[in-house]
Every structure is written in structure tokens, then in C-alpha cells.
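This report concerns only the one structure given below.
The values are calculated or read from the model by the stated rules, or taken from the named source; none is laboratory data. It should be emphasised that the depicted structure is a prediction, and the values quoted were computed from it without experimental measurement. Counting neighbours? That spans all protein chains shown, and the Cβs are built from the backbone with ideal geometry, glycine included. Only protein heavy atoms, including side chains, enter the accessible area calculation; ligands, DNA and RNA are left aside. Shrake-Rupley method; radii C 1.70, N 1.55, O 1.52, S 1.80 Å.
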Amino acid sequence: MSLVRIFFAGVGGQGTLTVTNLFATLALDKGIPVTAGEIHGMAQRGGVVHTFVLLGGYLSPKINLGEADVLLGFEPLETLRALPFLKLKEGLVVSSENPLFPIGVSLGQDTYPSLQDIRKKCEDCAEKSYFLPVLEEAEKLGVPQVANTILLAAFLALNKIEITVNDLEKGIKKYLKPKIVEVNLQAIEVAKKLIPCTI
């Protein structure tokens with residue numbers, strides 16, 4: 001397996017840590033050396049959450065500015081904020097296009113950048129970027145929390161690494177609580193439909 005650095009960016013309450021841990025476990029199941037770490041701000045809903053998964057034999061979980069091969073953004077503004085960690089003109093961005101407005105924006109004290117501006121900045125910095133309505137699609141399934149599964153499955157559907165969508169399906173059946181397995185499998189099917197439309 002080639003060396004790959006993946007940066008996960010989200011906010012508290014989205015399940016960023018959960019999906020990161022599942023992803024790292026999928027890699028271990030395939031015999032891929034994994035190093036993982038996390039940085040999160042406020043340990044509450046809405047706080048910034050950054051996690052890292054390094055595949056292929058890295059000794060440190062840290063990703064410095066300009067080192068990430070992949071940026072998975074669970075919220076558009078957090079994708080933008082994490083963009084400096086991506087390899088300039090070489091990295092891949094896969095992001096939600098559905099905002100979760102910070103309290104300051106909701107109160108009218110701050111402004112939220114337009115999705116168009118966020119997309120443009122990502123396109124300028126990345127080799128390729130995808131913005132997907134993962135939260136919108138998860139809400140259609142009745143479980144907004146599976147937005148993270150849709151995003152991860154969409155990334156895996158691009159076939160950029162050795163971990164596949166089939167591996168994710170097996171991992172969901174093996175590691176998640178039985179009562180949420182079916183909706184997460186449905187989330188994978190949603191992701192498969194989203195990706196062909198964007199390539």
C-alpha cells in the first residue's frame with residue numbers, strides 16, 4: 001500500500017470520530033499499517049473536530065500544513081478551514097455541501113461564506129474536488145447521522161485507495177450496532193448514486 005495521509009474535518013455531533021475509527025479499523029482488517037490521531041476543540045455539539053488517518057506505515061499521526069493527500073470535509077466551512085493541510089494542486093477533496101451554521105451566524109453576528117466561494121477555493125487548491133449533498137440525502141433516509149457514512153462511501157467509491165466500498169459494507173455489518181446496520185447500508189447505496197454523477 002502506498003503512503004496516504006487523510007484529514008477528516010467536521011464539527012461535534014456529526015460522528016466524525018466514529019467514522020474515522022471505523023475507517024481505521026477497515027484498514028487494519030486489510031493488513032494496512034495505520035496511524036490515527038485527533039484534535040477537537042470544544043467537546044460538544046458544534047465544536048471543531050479534526051482527525052487524521054495515515055495509511056501505509058507512518059510513525060506519527062500528525063499531518064502538517066500541505067501534507068494531506070485527501071481531505072474529507074463533513075461540513076463545508078470546516079472543509080475550507082482545513083484546506084491549508086491539503087497538498088497544493090495534488091490533493092483530493094470530498095466534502096459535504098450542506099452547511100451547519102455556527103451559533104454566531106445563526107444569531108446574525110457572523111457571516112457564512114457562499115458554497116460557490118468555498119468550491120472555488122477548493123478547486124484552486126486541489127487536483128480534484130467533489131461537493132455532495134450528503135446531509136440532505138441522509139435526512140431523506142430519516143437519520144441525519146448517516147451523512148458521514150455517505151461521505152466516506154463516496155470517497156471509497158472513487159477507488160483512490162485499497163479500501164473499497166465492499167470493505168465498508170463488511171465493516172458496517174461487523175462493527176456497528178445491529179439496529180443501525182441497515183440504514184448505514186442504505187447510505188452506501190446513496191453514495192454510489194451520487195458519485196457517478198460527479199465524475
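Residues that are crowded, with 16+ Cβ neighbours inside 10 Å and either among the acidic types (Asp, Glu) or not in a helix (DSSP H, G or I) (or both) within the stretch 163-189 comprise ILE163, ASP167, GLU169, LEU176, listed in sequence order. Restricting VAL49, VAL146, VAL53 to residues that are part of a helix (DSSP H, G or I), of a type in the set (Val, Ile, Thr) and open to solvent by less than 40 Å² (accessible area, probe 1.4 Å) narrows the list to VAL146. Considering (1) touching a helix residue (DSSP H, G or I) at 6+ places or on another chain (Cβ under 6 Å); (2) open to solvent by less than 60 Å² (accessible area, probe 1.4 Å), the lone condition that PRO133 does not fulfil carries the number (1).
One line per residue, one yes/no per condition, for (1) within 12 Å of the chain's Cα centre (by Cα); (2) modelled with pLDDT of 90 or more; (3) surrounded by 20 or more Cβ atoms within 10 Å (Cβ to Cβ); (4) not charged (D, E, K, R):
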site	(1), (2), (3), (4)
LEU3	no, yes, no, yes
VAL11	yes, no, yes, yes
LEU17	yes, no, no, yes
LEU26	no, yes, yes, yes
ASP29	no, yes, no, no
THR35	no, yes, no, yes
GLU38	no, no, no, no
MET42	no, no, no, yes
ARG45	no, no, no, no
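Each row is one residue, and each column tells you yes or no for (1) touching a Cys at 6+ places or on another chain (Cβ under 8 Å); (2) at pLDDT 95 or above; (3) not in a loop (DSSP other than H, G, I, E, B).
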position: LEU72; (1), (2), (3): no, yes, yes
position: THR79; (1), (2), (3): yes, yes, yes
position: GLY104; (1), (2), (3): no, no, yes
position: PRO113; (1), (2), (3): no, no, no
position: GLN116; (1), (2), (3): no, yes, yes
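From the residues in the stretch 88-123 that are of a type in the set (D, E, K, R) and in contact with a helix residue (DSSP H, G or I) (Cβ under 9 Å, 6 or more places away or on another chain), which one is least open to solvent (accessible area, probe 1.4 Å)? Here the residue is GLU97.
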